[in-house]
Amino acid sequence: MNGFEAAGFESNRDIPATVRYHRHAIEEIIHSVEEGTYCALLGPRLCGKTLLLRYVEQNMATILGWICIYINLQEVRVSSQQTFFADLTRLTAQHLTEKTGRTLPVPAEEESSSAVFRGFLTDSLDLIGQDLVLIVDPLEALPLDLVQALLTSLRAAYMDQQTLERHVSVVVSGALSLATLAVGESSPFRGIARRVFVGDLSEVDSLALINEFLAEGHVYATNPARQHLLQATSGDLYLIRRLTHRSAEITSTRASRVLRSRDVANLIQRFLRDDVLRYAPLLEAIRLIEEDPDLLQCILMLLERDAVPRVELPLPLSPDLDPLYLTGIVETVDDDSYRLQNLIYRQFLQHHLTPGRVGHVLTMVGRWDSAIGYLESTIHQGDRQSRADILPATINSIYASQYLAEAGQLPATRPGSGLWYPGCPGLVRFASGGHAAADRKAWTK
């Protein structure tokens, strides 16, 4: 039994729910430090990564006898590498002094650099006389170039200390969108860091959390209301906490304090109306999806069906990192299929990814053939805005067509399609891409 297990972790209700339901992540972090490897903790925004790391710093370090300091990257300046490493060194020295009572010499800001920071870490180990655990969070607070510089510097520190008696163990944390940079094939942490993902909550865990939070708020929910809450929030601890707390608010004025399914439906609509466009995990997911047309196609397929086998999705056969999972909005089913995590995710995506929006995104990333079908349907439904996208999409698709016959099958080139701008005079001339010749022209009204 290690110090972690001896702490009575499972039975201690004073430990935050986020920590209790992500015990595996805590164990992985501890094993990484015990083995002398670095660790990268990754998970969706607002999933509780910072709380997990604070728990490690404040509690597990005491139990296991570590000197452990937490660096909040939101407190550092990011105007240049010099100011960044100056602040990183200053914060490290400040926290070490608080932990050990020793005053550590800090290099002048004008001397600061990656190499100076690494030298400071080595000197600090000699002064405090024992190993150090350095927790750095959150990576998304930095511009990407500084994330790269930080990880590169920490890798160099890892290599420097292989012959030293004392060691610095590093734990970095960031959003799933930074996984490729943090632990991907070209990452500076490749081969020296353990990947730890804040795992999805199972339906059983999600329901247990709902029941726990409802009990804390003295809410008496009907069985249909509990199931409705589960369907709406499953897998997302923040949403579970948010909607159960709001459930307590709306039932606090009722003598019975009973929560019914229609109350949950109103809470869901309120969240989708007032809060969803500020909800960082979904905004991050949308950015990733709209940057990758294959991910967009995957999500569209998941919106049509409850679950889709992996083999049917346009994903890499053996990805180093699963790009669909890294969106943070899907879960695996039966080990070989995916589905959207909950009802709120599904309703938001259905509302956001309209045919017009999908057509526009596909046009912007050069998937013109795919875009035209979506744009055509929205134009026939009266959406005049899509006309601004369908003309360039059609022209580019025709130029990209290998044969003129393919171009003739595009919706906008068919007689009677009615997809050109009203009042657009004259004839529009298209030449088949790569095969332009005087006797091979397509003319269409």
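When R226, R260 are screened for being touching a helix residue (DSSP H, G or I) at 6+ places or on another chain (Cβ under 7 Å) and more than 16 Å from S206 (Cβ to Cβ), only R260 passes. Set side by side, the residues E284, E212, E185 differ, and just one is modelled with pLDDT under 95, over 25 Å from H352 (Cα atoms) and within 19 Å of the chain's Cα centre (by Cα), which is E185. Using the structure shown, decide if P293 is touching a residue at least 60 places away in the same chain (Cβ under 8 Å), over 21 Å from L201 (Cα atoms) and within 18 Å of the chain's Cα centre (by Cα). When the stated conditions are applied, P293 passes them. Restricting region 238-260 to residues that are surrounded by fewer than 22 Cβ atoms within 10 Å (Cβ to Cβ) and hydrophobic (A, V, I, L, M, F, W, C) leaves a set whose member that is farthest from A280 (Cα to Cα) is A255. Here F85 qualifies as assigned by TED's automatic domain parsing to the domain that holds V147, assigned to a helix (DSSP H, G or I), among the hydrophobic types (A, V, I, L, M, F, W, C) and more than 24 Å from I29 (Cβ to Cβ). Quick check on D145: is it charged (D, E, K, R), part of a helix (DSSP H, G or I) and within 19 Å of C39 (Cα to Cα)? No; evaluated as a whole, the condition is false for this residue.
Only residues that are surrounded by fewer than 22 Cβ atoms within 10 Å (Cβ to Cβ) and in contact with a strand residue (DSSP E or B) (Cβ under 8 Å, 6 or more places away or on another chain) were counted in region 215-237, giving 2.
Exactly one residue out of L164, L142, L154, L132 is assigned by TED's automatic domain parsing to the domain that holds H95, crowded, with 22+ Cβ neighbours inside 10 Å and in contact (Cβ under 8 Å) with a residue 12 or more places away in the chain: that is L154.
Condition check ((1) more than 22 Å from V183 (Cβ to Cβ); (2) among the β-branched types (V, I, T); (3) in a helix (DSSP H, G or I); (4) modelled with pLDDT of 90 or more) across all residues:
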| site | (1), (2), (3), (4) |
| --- | --- |
| V19 | yes, yes, yes, no |
| E28 | no, no, yes, yes |
| E34 | no, no, yes, no |
| L53 | no, no, yes, yes |
| E57 | no, no, yes, no |
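Take the conditions (1) without any contact (Cβ under 8 Å) to a residue 12 or more places away in the chain; (2) over 18 Å from the mean Cα position of the chain (by Cα); M301 misses just one of them, which is (1). None of T152, T103, T180, T122 is assigned to a helix (DSSP H, G or I), out of contact with any Cys (no Cβ under 7 Å at 6 or more places or on another chain) and either of a type in the set (D, E, K, R) or more than 30 Å from L283 (Cβ to Cβ) (or both) except T122.
Here's the yes/no breakdown for (1) closer than 30 Å to R254 by Cβ; (2) in the same structural domain as E249 (by TED's automatic domain parsing); (3) at pLDDT 95 or above:
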| residue | (1), (2), (3) |
| --- | --- |
| S173 | no, no, yes |
| L181 | no, no, no |
| A225 | yes, yes, yes |
| H228 | yes, yes, yes |
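In region 41-51, which residue that is assigned to a loop (DSSP other than H, G, I, E, B) and surrounded by fewer than 23 Cβ atoms within 10 Å (Cβ to Cβ) is farthest from the chain's Cα centre (by Cα)? Ranking the candidates gives G48 first.
The values are calculated or read from the model by the stated rules, or taken from the named source; none is laboratory data. This one's a predicted model, so the numbers in the text were calculated from it and none came from an experiment. For neighbour counting, all protein chains shown are included, and Cβ atoms are generated from backbone atoms with ideal geometry for every residue, glycine included.
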